[in-house]
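Structure record follows, encoded as structure tokens.
No lab work stands behind these numbers, since they all come straight from the coordinates. What you see is a predicted model, and the numbers here were worked out from it, not measured in a lab. Here the Cβ positions follow ideal geometry from the backbone for every residue, glycine too, while neighbour counts run over all protein chains shown.
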Amino acid sequence: MHTCTFNEAKRLVRELVEAKGFPNDESALTQKLLWAFVELGEAADAYKKGEDWSIICEELIDVIFYILDFIGLVEKTQGTEIDVDKLFLEKWRKNMNRPNQYGQRRDIKVREG
Ligand SMILES: [Mg+2]
């Protein structure tokens with residue numbers, strides 16, 4: 001099985017966008033983020049309806065596609081380079097160095113009855 005880094009995935013998404021004629025200029029940035037939310041909603045809906053895990057996960061991959069689409073389009077239109085693998089690892093390290101349950105000040109309790 002071929003493995004794929006975030007950066008490779010970002011390049012593959014760019015290839016797909018160009019091959020399929022999807023919106024690919026600066027004005028499309030907002031809609032890429034919007035579609036990421038829509039795909040996340042599709043994942044939540046699939047979960048709610050008891051769909052197969054493979055279907056739920058495929059919707060989540062759609063979210064990642066749009067996120068990488070957005071980042072790739074930022075690179076293309078803003079003349080900048082974004083190393084997604086590096087960002088992920090930096091963020092992971094940052095979170096690992098935070099205290100237990102950081103950012104969670106209140107317990108979310110399940111109400112009974
Ligand atoms: Mg979808």
Would you point out the residue of segment 78-92, among those that are surrounded by 10 or more Cβ atoms within 10 Å (Cβ to Cβ) and not hydrophobic (A, V, I, L, M, F, W, C), that is farthest from the chain's Cα centre (by Cα)? GLN78
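Just wondering, is there one or more residues in segment 25-35 that are among the charged types (D, E, K, R) and more than 16 Å from the ligand (Cβ to nearest atom)?
There is at least one residue in segment 25-35 that is among the charged types (D, E, K, R) and more than 16 Å from the ligand (Cβ to nearest atom).
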Mind checking whether some residue in segment 54-75 is charged (D, E, K, R), part of a helix (DSSP H, G or I), within 27 Å of LEU89 (Cα to Cα) and away from the ligand (no atom under 16 Å from the Cβ)? yes
Just checking, how many residues over segment 23-51 are in contact with an Asp or Glu (Cβ under 9 Å, 6 or more places away or on another chain), in contact (Cβ under 8 Å) with a residue 24 or more places away in the chain and not in a helix (DSSP H, G or I)? 1
Considering segment 40-53, residues that are surrounded by fewer than 19 Cβ atoms within 10 Å (Cβ to Cβ) and within 26 Å of THR5 (Cβ to Cβ), and then whichever is farthest from the ligand (Cβ to nearest atom), we arrive at TRP53
